[in-house]
Structures are given as C-alpha cells and as structure tokens.
1. How long are the semi-axes of the ellipsoid equivalent to region 9-208, from square roots of 5 times the Cα gyration tensor eigenvalues, in whole Å, largest first?
2. Give, as a single signed number, the net charge of other residues whose beta carbon lies under 15 Å from the beta carbon of residue 101, with Lys and Arg counted +1 and Asp and Glu -1.
3. Multiply the residue gap between residue 90 and residue 121 by 0.36 nm, knock off their C-alpha separation, and tell me the result in nm, one decimal place.
4. Mind giving me the nanometre distance, one decimal, between the label points for residue 146 and residue 169, set 7 Å out from Cα along Cα→Cβ?
5. With label points built 7 Å along Cα→Cβ from the Cα atoms of residue 206 and residue 136, find their separation and express it in nm.
6. Quick check on my link table: of 63/143; 118/138; 58/118, which ones sit more than 26 Å apart, alpha carbon to alpha carbon?
7. Given the rule -39500 (n - 2.57) for each run of at least 4 DSSP H residues, summed and divided by the residues of the chain, what is its mean residue ellipticity at 222 nm, to the nearest 500 deg cm²/dmol?
8. Where the centre of each part is set by its Cα atoms, how far does region 105-168 sit from region 37-75, in angstrom?
Amino acid sequence: MGYHIDFSLYLVTDDNALGGRDFLQSLEKGILGGVSVIQLREKNSSSLDFYNRAKKVKELTNKYGIPLIINDRIDIALAIDAEGVHLGQNDLPAKVARGLIGNKLLGISTATLEEALKAQQEGADYIGVGGLFPTITKADTRKVTLEEIKNIKEKVNIPVVGIGGINEENLSLVIATGIDGVAVASVILSAESIKETTMRLSRIIASKSK
Ligand code: TZP
Ligand code: MG
C-alpha cells in the first residue's frame, strides 16, 4: 500500500440496489457526491462480465483519482491493476492473498476481535467489520454491535471500516465509535438522487470527524 487511503465513505457496489439504472453513471454520481473509495462486488457475474465491468470502473476511478478494490477475485484485481482486493473469511487466507498481490491493498471482512487481530497479523491493510444493522444487500451477515466494533477499533492498528445497513439515521452512531470509515451499498445505490444522498452522507461524516 504505497499511499494514504481515505476510507471515510466506502461504496460497495450492488446491482440489485440500482433497480436497473445505469451502473457506471450511478457510480459517477456517487463519486461526485463524495465517495472516497469503491469496491466492485459482483456475486452473480461470469468471469468475463466481471472483468469487462472492472476495466470500465477502473477507467472511472482513475478519472477521479480514487482507489478501486475488487471483491473476491485476486485474478481480476491483478488483470486490471486495481488498487486492492477485499476478501472474506471463506476466501483465500490473507497470508496467501498477500503473497499473490504484492503491495496492493488487502481488506478482510471480520466479525470478531479474534478475526480482526488475525487479519492484521496476516498482513491486511484494513478490515471491514459488520454487519452492524439489518441489510437486504447480503444474506449471511453476522451481527456485530457498536460496542464490539468500538472495542475492535481500540485494539487494532490498521483502519477499521464499519458495514451493514448503515443509513442517514444511524451514521452518526457508527462514526461515534471512532472507526475510520463506513462502507455502504443500498443507502447510496437505491437512493432516488444518488449524488444528493451521497453529499448528505459526506457532510455528516465531515462534521463528525475530528
Ligand atoms: N458485508 C456485510 S454487510 C454488507 C456486506 C457486503 C452489505 C452492505 O450493504 P448495505 O446495503 O449498505 O447494507
Ligand atoms: Mg468474498
């Protein structure tokens, strides 16, 4: 990880939330509203579709100078020279991933302090911690309380990003735990006005961070 990453408003893509609206245009609206990093998460795409979409998203993120992180697929991250990879507890172990991706950014999903410390020890650059609130974006989330994420943040020294059902109502409570950023999908991608909603989220984040 050669440069500082702003995790403050981390957009995770989700086709379903868009309700048929144009993918790249929607991401661009999010970027214009203040998204600081994008994770391309494709759970039902063929390798070819994932790769082709990743190439286009990379052009977009390059245009705006924000990092692109690829979910699950190290091969695609390498093929398009993304800034990073995000893996879960059932993907390749962090140590193995690190060996494959060199100094690209490595994010690991964790839901317990034990997993968080292990991810850090195995070379993760940041952790995603959740699910904090109920969500329809992901079926099999494990519950993490605000108390628990606060405790994790206090005990690791890599950036911590909260995830799961974060919206305009609960955002302040999440920020109050001291974490480095929030990862969201539906609050942005299913918004009637993606840019306006993202701007409101960005403003809340800017006003609450020290
Ligand atoms: N991992 C844990 S919760 C979640 C993922 C990918 C979904 C986040 O999406 P939303 O719509 O912000 O709840
Ligand atoms: Mg995964």
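Only the coordinates and a few stated rules stand behind these numbers; no lab work does. Everything numeric here is computed off the predicted structure, so don't read it as measured data. All Cβ positions, glycine included, derive from the backbone under ideal geometry; neighbour counts span all protein chains shown.
1. Sorted largest first and rounded, they come to 23, 22, 15 Å.
2. My count for the surroundings of residue 101 gives -3.
3. Here the answer is 9.4 nm.
4. So the label points at residue 146 and residue 169 sit 1.3 nm apart.
5. Going from the residue 206 label point to the residue 136 one covers 3.2 nm.
6. Over 26 Å Cα-Cα: 63/143; 58/118.
7. -12000 deg cm²/dmol
8. Value for the Cα centre distance between the two parts: 21 Å.
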